[in-house]
1. Whose amide H sits under 5 Å from the amide H of Ala59, counting only residues 5 or more places off or on another chain, with H placed in the peptide plane?
2. Would you pull out the residues with amide H under 5 Å of Leu77's amide H, same chain only if 5 or more places away, H placed 1.01 Å from N?
3. Could you run the Debye sum over the Cα atoms of the range 1-44, one equal point scatterer each and no solvent, and tell me log10 of I(q)/I(0) at q = 0.18, 0.34 Å⁻¹, two decimals?
4. If you bin every alpha carbon distance in the range 3-86 into 10 Å steps from zero, what whole percent lands in each bin?
Amino acid sequence: MAVLAVAEGWAEFSVSRGGILLLSRSLVPGPNLAAEVRRSLAVYSGQTGVQPVAAIYVAGGPDNAALRERLHNLLDLPVHLLDPFAGSDQPDQPTPETRGGFVG
């Protein structure tokens, strides 16, 4: 699986399998982020070739719906919202827009 963490001013793309980190790249958020993710997947595929990414999880606020749609259309992969605080009942959690920075 792949995870794209998006926060204000930065983004991180990682691929892991079985709890082992296989690729990690820092990316610049903005209008070209989906294309950068596609390039990162191409780098990963060129290195491993036999274990393709089956889905991408995007950690960030619900306002990333447009990014998730672009990724899905560009990559033809399932793209899911990842909330690192889902299911937690702890008070004073970060706002949904800033949670992407906590996925690590």
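1. Leu4, Ala5, Val6, Leu82
2. Residues meeting the criterion, in which the H sits 1.01 Å from N, do not exist here.
3. Log10 I(q)/I(0), no solvent term: -0.47, -1.28.
4. Reading upward from the zero bin: 17, 57, 25, 1.
Values in this text are rule-based calculations from the coordinates and carry no lab data. If you're wondering where the values come from, they're calculated on a predicted model, not measured in any experiment.
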